[in-house]
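Notes for the one structure printed next.
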């Protein structure tokens, strides 16, 4: 497994989490570009080699990616009144499920 491939996978996962957070916490801003980004990230992750995918299945992998994803989502949302969860609200299974689209936060 190359270091570059590992970093690329981490980058896609962070991007996916950030966009799902925006999807859930800013439902009025949802658009085709967010949907495309989510679909594309899932596709790229799904195409990763078995070794890279196995690394993602480590329980802590998503947790380690979450703080960076959360910071990115906060920067993109530019709304300090939105409270994001302290821990990733999505399981790895949900993140990779093409039919999973989180409901709007209440």
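Every read-out reported here was derived from the displayed coordinates using simple, explicitly stated rules and does not represent laboratory data. What you see is a predicted model, and the numbers here were worked out from it, not measured in a lab. Cβ coordinates were reconstructed from backbone atoms using ideal geometry, including for glycine residues, and neighbour counts include every protein chain displayed.
Using Stokes-Einstein with the Kirkwood hydrodynamic radius over Cα pairs, what translational diffusion coefficient do you get for segment 50-106 at 20 °C and a viscosity of 1.002 mPa s, in µm²/s rounded to a whole number?
Rounded to a whole number, D works out at 166 µm²/s.
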message: How large is the convex hull of the C-alpha atoms of the chain per residue, in Å³?
response: 98
field: the chain - mean residue ellipticity at 222 nm from DSSP helices (-39,500 (n - 2.57) per run, n ≥ 4, rounded to 500)
entry: -21000 deg cm²/dmol
field: Burial ordering of 51, 44, 62, fewest other beta-carbon atoms within 10 Å first
entry: 51, 44, 62
